[in-house]
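Down below is the structure, laid out as structure tokens.
The values are calculated or read from the model by the stated rules, or taken from the named source; none is laboratory data. Worth saying up front: this structure is predicted, and the values here are computed from it rather than measured. Glycine gets a Cβ as well: all are built from the backbone with ideal geometry, and neighbour counts include every protein chain shown.
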Amino acid sequence: MIEHTPSPPGGGAAAAAASTSAFAPLSAPVFRMLWSVWLIANTCMWMNDVAAAWLMTSLTTSPVMVALVQTASTLPVFLLGLPSGALADIVDRRRYLMTTQLWIAGNATLLCLAIASGLVSAPLLLALTFVNGIGLAMRWPVYSALIPELVPRAQMPAALALNGVAMNGSRIIGPIVAGMLIAGAGTIWVFVLNAVLSLVAVLVIWRWRREPKANALPGERFIGAMRVGVQYVRQSARMRTVLFRIAMFFAHSTALLALLPLIARQMPGGGAGTYTLLLASMGTGAIMSALFLPGWRKRFSSDQLVRRGSLVQAGMMVAVGFSPNLWVAVPFMVICGVSWLTVANTLGVSAQLSLPNWVRARGMSMYQMSLMGGGALGAALWGQVATLTDLRSSLVLAALSGTAILWLTRKRLLDDAVDEDLTPVHPRSPPEAAWPVAQDDGPVLVMIEYRIDPERAGEFREVMRETRRRRLAQGALSWELFRDSADPARFVEYVVDESWLEQRRRFGRLTAADEALRERRLAFHLGAEPPKVTRCIADPLARR
């Protein structure tokens, strides 16, 4: 069995260098195992998309139906991103990941049976493609949430870059394998191989013995988990910036991918082979960038990498559009791949570092939703612009508008300097009531009384402003700070939780950054005794 053991601490300069090298995460057996699963899963995804699109051309001549195959594949990722992220945070992640692969294997099996029996039709193919997309929507957040458990914090950028390598490698491998099988054996065998590979991934995950996290409290409820996930992102300025940046980048950079089939067709001798080579060139560039990213991260800040990568992407997008032939366009596509992964990896790392483990899958699902939503909106927008004008005009306008938005929002920074330590800590036990209280009783009012030097009230308010953000991010329903009208030194912090269980649950969400913030609050408090804490539970009579 593959055991989940923490990585040993490094020593010396050599160890430090190795810990941040491009391939360092692969030295961890569990990461290597899950990385291979990720490669297999994404290869299956591309094989499925190619085979489904080709099968649709044999079922109907309608361009709309053929285009809807891509919509059916990606729409579930946008629609179900947050629910799947909530599930990934409240259930066992290993079993959940296995379930997603079983789902995809089962769907591929149904497609095989439909083809073999002659019952497959265009509507049925779209429906099963949508069902397959549900499996993809479920898989992505849980896999993203597992990565920080497997590698040290210093190796996070390299681990995410390797995931990008797997995704772009599968973009090359999947279509090639699918094309060979379709030409040599028939479309049905692509889905057979898809089912087999998905089951292989299940067996690999099954061999991993992940240590379950002990928790004395019941798991979160589904709807409540989604509410808290959204609330955490709303209170995180860094996450809001990440979501904005990734949505804007894909809304503009997707113009190239959306119009690439038409660009390839207009080139001399252009056809399916031209399109495949252009896609493969972009994938190759993305793979190559993983080798350069560790060095670039040492030289440039995250904002510099995002800004420069976006500008290069915009320039190369226009260059591809104006390329007179395939061989001029190929190097531009390689550079596009480098810039694309640089921006996506940098923003992905920023998102991961902004999220504690308890809400990681939900946060990353919103990252994926922003990415997919931006890409879907951009594809529709720039396709329409190309229809009204022409391909080159659409690419130029996409590049110019993306650059303009980048300049107009230049003060909206990821802020590398603010790198909170989100390591879980449990310094205090959850509160106990003096009388029997049901877990669902509530709401719960928490009042914390501080004695503050009136001359330092302004400084205290700044700390409490940060406290408000953290309390709400942990799931509190509301927060206020009151000052006694008769005693200017007395401040009362007021926090409302949904229930007694949710109040206790917040203690399990504390991080090292929360503890540091608590020490800053206590530094303002006067007197030898700590601030007085009072917890009140809503009486049932009040709700009659």
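One table, with the values for the structure above:
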{"read-out": "Residue under evaluation THR99, criteria (1) touching a residue at least 40 places away in the same chain (Cβ under 8 Å); (2) part of a helix (DSSP H, G or I); (3) among the β-branched types (Val, Ile, Thr); (4) farther than 30 Å from GLY295 by Cβ, criterion not met", "value": "(1)"}
{"read-out": "Looking only at segment 477-502, and only at residues there that are closer than 18 Å to VAL444 by Cβ and assigned to a loop (DSSP other than H, G, I, E, B), the one that is nearest to the chain's Cα centre (by Cα)", "value": "LEU477"}
{"read-out": "Residue within segment 129-137 that is small (Gly, Ala, Ser) and touching a Gly at 6+ places or on another chain (Cβ under 8 Å) present", "value": "yes"}
{"read-out": "Hits in segment 1-48 (condition: at pLDDT below 50 and in a helix (DSSP H, G or I))", "value": "GLY12, ALA13, ALA14, ALA15, ALA16, ALA17, ALA18"}
{"read-out": "Tally of residues being in a helix (DSSP H, G or I) and farther than 22 Å from THR100 by Cα across segment 176-203", "value": "8"}
{"read-out": "Residue within segment 322-342 that is in contact with a Phe, Trp or Tyr (Cβ under 6 Å, 6 or more places away or on another chain) and part of a helix (DSSP H, G or I) present", "value": "no"}
{"read-out": "Wholly within segment 221-303, helices (runs of 4 or more DSSP H) carrying at least 2 residues that are over 30 Å from LEU501 (Cβ atoms) and at pLDDT below 80", "value": "237-266, 272-299"}
{"read-out": "Near pairs, Cβ below 8 angstrom, 6+ apart or cross-chain, from segment 431-453 (under 19 Å from ARG505 (Cα atoms)) to any residue that is modelled with pLDDT under 85", "value": "PRO431/PHE507; GLN439/PRO218"}
